Amino acid sequence: MQSHSKQLYSEQLRAGSEPHWHAATKHRFVGDLANDLISDADYARYLVLDYAFLDILVSHVGQAVTSAPGMARKRQYSEFLAALTGDEDDYFLRSFAAMGVAETDWRHPSSHAVVTGFREVMLGGERKFAYAEVLASLLAVEWVYLTWARSVAGRAPARFYLKEWIDLHTDPSFEAFVTWMQSEMDKLGPTLSSSERQSVQDIFNRAVKLEVAFFNAAYED
């Protein structure tokens with residue numbers, strides 16, 4: 001077995017987020033989506049919240065573009081930003097139309113604690129996040145999605161908006177981006193001070209816990 005000292009830094013972060021990592025990646029939501037069991041009401045509730053999160057995520061990736069050292073890194077985040085504001089945004093709009101979600105509901109959703117939590121952990125307040133901290137929350141949320149989507153890859157629920165949500169998060173370009181972020185974090189780890197590593201772990205943990213809360217929120221009525 002690989003010793004902790006030999007473990008990649010990204011894997012240390014993931015292990016340090018347990019048991020919340022398991023709760024997020026094995027959530028009831030994943031099985032209900034893959035098996036076409038989730039109701040349209042619950043999925044619409046989730047998707048409206050996730051569209052509010054998308055606005056936060058786009059701003060957060062913008063922070064990554066700004067804070068990342070070097071043009072090659074900035075390009076990685078810029079390409080992901082283009083996917084979020086292109087194909088993924090289009091997915092939301094088509095899905096809302098198919099489920100009959102009123103435009104006022106998705107354009108101006110009611111406030112929710114989980115969205116507020118993500119705004120705090122990803123955008124913060126007065127303090128400007130360092131690159132490693134920006135990467136920590138982005139890696140956490142996208143790695144969670146890649147992990148659960150991989151576990152149900154190839155499943156084809158009848159409703160297109162369920163199937164496409166799996167497909168979006170098992171797409172080779174998305175997988176390559178998450179893998180690249182893992183390698184980025186592995187390189188950064190040895191350069192961080194103990195206090196910086198603690199901050200990165202705390203942010204990673206908070207983001208993973210919020211993912212659990214996000215899936216729970218789908219079932220709130």
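The values are calculated or read from the model by the stated rules, or taken from the named source; none is laboratory data. Here the structure is a predicted model, which is why all the values come from computation and not from measurement. Please note: Cβ atoms are built from the backbone with ideal geometry, for glycine as well, and neighbour counts cover all protein chains shown. Each accessible area value is taken on the protein alone, full model and side chains, heavy atoms only, with ligands, DNA and RNA left out. Shrake-Rupley method; radii C 1.70, N 1.55, O 1.52, S 1.80 Å.
Does residue 134 fit the bill of being out of contact with any His (no Cβ under 9 Å at 6 or more places or on another chain) and β-branched (Val, Ile, Thr)?
No: the conditions fail for residue 134.
Keeping to segment 11-49, report how many residues are in a helix (DSSP H, G or I) and under 13 Å from residue 144 (Cβ atoms).
Adding up the residues that qualify gives 10.
Determine the pairs where a residue that is farther than 27 Å from residue 219 by Cα, located within segment 40-69, has a partner that is open to solvent by less than 40 Å² (accessible area, probe 1.4 Å) and not in a helix (DSSP H, G or I) with Cβ atoms under 7 Å apart, the partner being 6 or more residues away or on another chain.
63/129
When you go through 113, 82, 97 one by one, which is the residue that is at pLDDT 95 or above and over 26 Å from residue 40 (Cβ atoms)?
82
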